[in-house]
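Any read-out appearing in this document is the output of simple, stated calculations on the displayed coordinates, not a laboratory observation. Treat the numbers as computed from the prediction; the structure is a model and nothing was measured. For neighbour counting, all protein chains shown are included, and Cβ atoms are generated from backbone atoms with ideal geometry for every residue, glycine included.
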Amino acid sequence: MLIRYFIASILTSIIEVVLFTFIYYLILQDLFVSSIVSFIFATSINFILSKKYVFHTSNNKERIKQFAKTFVLSILSMFLGVWILTVLVNYLIINIIIAKIFSLFISFFINYCGRKYLIFND
């Protein structure tokens, strides 16, 4: 299960970094907005992949509850990731893409544990 979650997360992390880079460098140059937009998009894709390939439940009512819990977990993880990104870029002067990738690793472990033990209960 961890391997499947890791693969799904790698795919969505690539999407998130590419989208973040595109938004930041070509559209807004706003760290906060770029991070939030890319995170929300990637989290939606990750939920779909996680439901289909990693954690299995078939009940539609259960899916709605799981999506709501995933959304709350993702919001918390997103704010932590944005905070880490801000600290690394603005205070520790680390390259923005390196900082983004580092914050994704932290989010990966938080999201996996939250989904495994709190949301999907596998």
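Put +1 on the Cβ of each Lys and Arg and -1 on the Cβ of each Asp and Glu in the range 2-119; which of I64, F41, T86 then has its Cα farthest toward the positive end of the dipole?
The residue sitting farthest along the positive end of the dipole is I64.
Cα centroid distance between the range 81-120 and the range 11-29, in Å?
With the range 81-120 and the range 11-29 each reduced to a Cα centre, they are spaced 15 Å.
Sequence gap at least 6, Cα distance under 8 Å: using those rules, report the relative contact order of the range 23-117 to the nearest whole percent.
It comes to 25 percent, rounded to a whole number.
Each label point is 7 Å from the Cα along the Cα-to-Cβ direction; what then is the distance between the points at S44 and T21, in nm?
Here the answer is 2.2 nm between the modelled labels.
Would you please state the base-10 log of I(q)/I(0) at q = 0.12 1/Å for the chain, with intensities from the Debye formula using one equal scatterer on every alpha carbon?
Results for the chain at q = 0.12 Å⁻¹ read -0.43.
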